[in-house]
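Take a look at the structure below.
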Amino acid sequence: MLINIGQLLTLCQANDHRGPRRGRDLKELGLIEDAAVLCQEGKVVFVGKSRDVLRDSRLKKRLRQAIEIDCKSQVVLPGFVDSHTHPAFIRPRLTDFERRISGASYEEIAQAGGGIRSSVEAVRKASRSELGEIILAAFKQMNEQGTTTLEAKSGYGLTVESELKSLRAIRDAAASWPGTVVSTLLGAHTVPREFQGHCSSYVDLVCHEMIPQAARRKLVQFVDVFTDRGAFSVRDTETIFQAAAASGLGVRAHVCQLSEIALEPLLRFDPASLDHLDHVRDHDIAKLARGNTVATLVPGANYFLGLDKFPPARKLIDAGVPVALATDYNPGSSPTPSMPFVLSLACTQMRMLPAEAIAAATINGAWALRLEKRKGSIAAGKDADLAVFEVEDYRELPYWFASSRCALTILKGLVMANAGSAEVE
Ligand code: NIG
Ligand code: FE
């Protein structure tokens, strides 16, 4: 049981069942001061004032068995839901990093043989266990920063065999980590060298081999596509989404990172999320505002690529589009496992309020993964996934940047302090 909590952010609101948070609702944190949260068997069983939990006669027996964690002068919130990560790679891309510092753009580097393709060979060569260990290390780093649920994409193998190997490595890592992992097949990340000039044959491979095999082996929940200039077209994406739907999988896509992309044809497939959106068009903003597809913004990529412009968060939120925030952890454009840093970027570079950034990183992240019934807020019956921060005011979460203030997380009832873990009831 967590007790004496300085500020508890429940992220609960009366009309939460209706859909992801949008507009003014995005800043409703459901804040309770001097609060308590009681967890049992991996679930939240009570949320309220500290004094009420101690008085509740029905909770007496449970309380006797409970471990008590005093959270005086601390902030407790739902663990972050990092709904967009690419952890299945072997090593950093340091030459790309230097080329960019010398003035080359992300697209120029890719055209010159760097970019996503330069991460492929090492993944193809790696064993499943080597890859699994690297992925597990990334999950742990994310967790140290307050993340308790994450989405993990494949996408650096680009053959049937190495994409399935990446997904199995993600599954292995997920089995060794007490948090929650949602897996996504990103076979359509880029056209691999051996298919250069034969994009449609590669799309066939994704549709007829990768997707059905990954689905049959129950390795993934979602299929993702990098839909942009120099990657896959809207037409390719529709074909891939159709194959995903035929295999019973959900869809999501990287869109408008580098150029304007027409979203209407993709929205017909009811994607759980569309991500990046730097170059989203006004009439597509209006369409996004009418649906439940989450717009996932990943400002870590803009920061790391040294861009002046960031995704138009204010415009999206003010138009009523449900917005989420994620790290986009990957070796090319956003090598950060830190959701607090992303929150800080959201506030300083995209003018999101601290409260909006927190809701975007929790409850709306959960919607972006279709996990809203279990994750993203602290309510009786939901998974006991919590993050405890060593700060007195929630606004300090994005305020202190590049410093880790996460004291501990709770993953389905299991306490993870930086050193070791213990079961909590
Ligand atoms: O989300 N845009 C495509 N995918 C990644 C970058 C991947 C890479 O460069 O390795 C992104 O930014
Ligand atoms: Fe990405």
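The values are calculated or read from the model by the stated rules, or taken from the named source; none is laboratory data. Predicted model, so just to flag it, every value in this text is computed and none were measured. Reconstructed Cβ throughout: ideal geometry from the backbone, glycine too, with neighbour counts over all protein chains shown. The accessibility values were calculated without ligands, DNA or RNA, using every heavy atom of the protein model including side chains. Shrake-Rupley method; radii C 1.70, N 1.55, O 1.52, S 1.80 Å.
Taken about its Cα centre, segment 298-359 carries a charge dipole of roughly 100 debye when the Cβ of each Lys and Arg holds +1 and the Cβ of each Asp and Glu holds -1.
Computed on segment 223-340, with alpha-carbon pairs under 8 angstrom and 6+ residues apart, the relative contact order is 19 percent. Under conditions of 25 °C and 0.890 mPa s, segment 304-358 yields 207 µm² s⁻¹ as its translational diffusion coefficient, taking Rh as the Kirkwood radius over Cα pairs in the Stokes-Einstein equation. Farthest towards the positive end of the charge dipole of segment 145-236, among the residues T159, T180, M210, is the Cα of T180, using unit charges on the Cβ of Lys, Arg, Asp and Glu. Taking the charge dipole of segment 25-69 about its Cα centre, with +1 at Lys and Arg Cβ atoms and -1 at Asp and Glu Cβ atoms, the residue from V45, A35, S57 reaching farthest to the positive side is S57. Dividing the mean sequence gap of close Cα pairs (under 8 Å, 6+ apart) by how many residues segment 311-409 holds gives a relative contact order of 25 percent. Rounded, prolate or oblate: which fits segment 250-335 when a ≥ b ≥ c are the square roots of the eigenvalues of the alpha-carbon gyration tensor, with rounded for a/c under 1.5 and prolate only if a/b beats b/c? In terms of gyration-tensor shape, prolate.
Computed over the alpha-carbon pairs of the chain, the distance histogram in 20 Å steps reads 28, 57, 14, 0 percent, short to long. Each listed q (0.18 Å⁻¹) maps to a log10 I(q)/I(0) for segment 152-267 from the Debye sum over equal C-alpha point scatterers, namely -0.86. Looking at the chain, the DSSP beta bridges with both ends there are about 45 percent antiparallel.
Taking trypsin sites (Lys or Arg not before Pro) across segment 240-323, the ones in a DSSP loop with at most 11 further Cβ atoms lying within 10 angstrom of their Cβ are R268, K309. Based on Cα atoms of segment 309-425, Rg over Rh with Rh as the Kirkwood radius reads 0.97. The value of relative contact order for the chain, using C-alpha pairs under 8 Å at least six residues apart, is 22 percent.
To the nearest 10 square angstrom, how much accessible area does E396 have with a 1.4 angstrom probe? Spelled out: E396, probe radius 1.4 Å, area about 50 Å². Its Cα gyration tensor gives segment 200-251 an equivalent ellipsoid, and the semi-axes of that ellipsoid, as √(5λ) in whole Å with the largest first, are 19, 11, 9. Loop-located GluC sites (Glu not before Pro) in segment 62-157 (DSSP state not H, G, I, E or B) with no more than 14 neighbouring Cβ atoms inside 10 Å: E68.
Each label was represented as a point 7 Å from its Cα along the Cα-to-Cβ direction; for A137 and S233 these points are 4.1 nm apart. Each peptide in 224-234, 188-198 was scored by the mean count of other Cβ atoms within 10 Å over its residues; highest first, the order is 224-234, 188-198. Here segment 276-425 is assigned +1 on the Cβ of each Lys and Arg and -1 on the Cβ of each Asp and Glu. Its dipole about the Cα centre then comes out at about 520 debye. Can you tell which of L2, V220, P340 lies farthest toward the positive end of the dipole of the chain, using +1 and -1 charges on the Cβ of basic and acidic side chains (Lys, Arg; Asp, Glu)? In the chain, that residue is L2. As a size descriptor, the averaged projected area of the C-alpha convex hull of segment 1-142 was calculated at 14.2 nm².
Put a plus charge on the Cβ of each Lys and Arg, a minus charge on the Cβ of each Asp and Glu, and nothing anywhere else: the dipole of the chain about its Cα centre is then about 900 debye.
State the Cα centre-to-centre distance between segment 229-303 and segment 341-356 in whole Å. Taking the Cα centre of each part, segment 229-303 and segment 341-356 sit 22 Å apart.
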